[in-house]
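Take a look at the structure set out below.
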């Protein structure tokens, strides 16, 4: 996934083309004009996902401290630990990668009235370049840890596709706000899936999907 999206991003203008679909005549992106709606669509789903993650963290603490957990009918103790670990590791790793990223968000680019040049993933970073801190999408990382449930249930490819489509729809608010390119979200997908696979192998010592 990473290399396909990276090559498309490097050698085509698909990122720009998709973002242009949501650019208004004013030079602003659609949800920049509807700022309150954009904030709600961005924040509320993220906060809900974070609350669910916190619940699993607390459950892991009670499991370790008291040998009690809340999902005995549905999950094994290792499952709870795996989910809680993914809920921490994925956002932290993706956020740290984003912090050192050279690529800027669309609304910061010259093409959309900003001050910075559009930088592709394999481009050489110009001297004295100011880091853009925009790729991969940290917003997407708030939800991608939920893929841990699919690993536990050994979900089919169809379910994985539906999962990623759902997460993409949730995260598309950032495209409509000019806060991310499509490729930024897919880079998060690839990074999160790699982390989930690694953690699953470490927790269960099984062959991953």
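Read-outs: derived from the displayed coordinates by stated rules, not from any lab. Remember, predicted model here, so these are calculated numbers, not experimental data. No Cβ is skipped: glycine too gets one built from the backbone with ideal geometry, and neighbour counts run over all protein chains shown.
Annotations
- By the count of neighbouring beta-carbon atoms within 10 Å, fewest first, 142, 156, 19 end up ordered 156, 19, 142.
- Ranking of 104, 42 by count of other Cβ atoms within 10 Å, fewest first: 42, 104
- Crossing angle, helix 2-11 versus the chain [Cα axis fit, 0-90 degrees, rounded to tens]: 0 degrees
- For the range 125-209: rounded, prolate or oblate by the Cα gyration tensor [a/c cutoff 1.5]: oblate
- The convex hull of the Cα atoms of the chain, projected and averaged over all directions, covers 13.2 nm².
- Estimated purely from DSSP H runs of n ≥ 4, each contributing -39500 (n - 2.57), the mean residue ellipticity at 222 nm for the chain is -20000 deg cm²/dmol once divided by its residues.
- Angstrom value of the Kirkwood radius, inverse mean 1/r, which spans all Cα pairs in the range 66-158: 16.0 Å
- Residues 79, 123, sorted so that the one with the fewest Cβ neighbours within 10 Å comes first: 123, 79
- Rounded tilt (10° steps) of 157-171 against the dominant C-alpha axis of the chain: 50 degrees
- The overall shape of the range 1-51 is oblate: from the C-alpha gyration tensor, with semi-axes ordered a ≥ b ≥ c, the ratio a/c is 1.5 or greater and a/b is no larger than b/c.
- Nearest 10 degrees, 0 to 90: helix 77-99 Cα axis against the chain principal axis: 20 degrees
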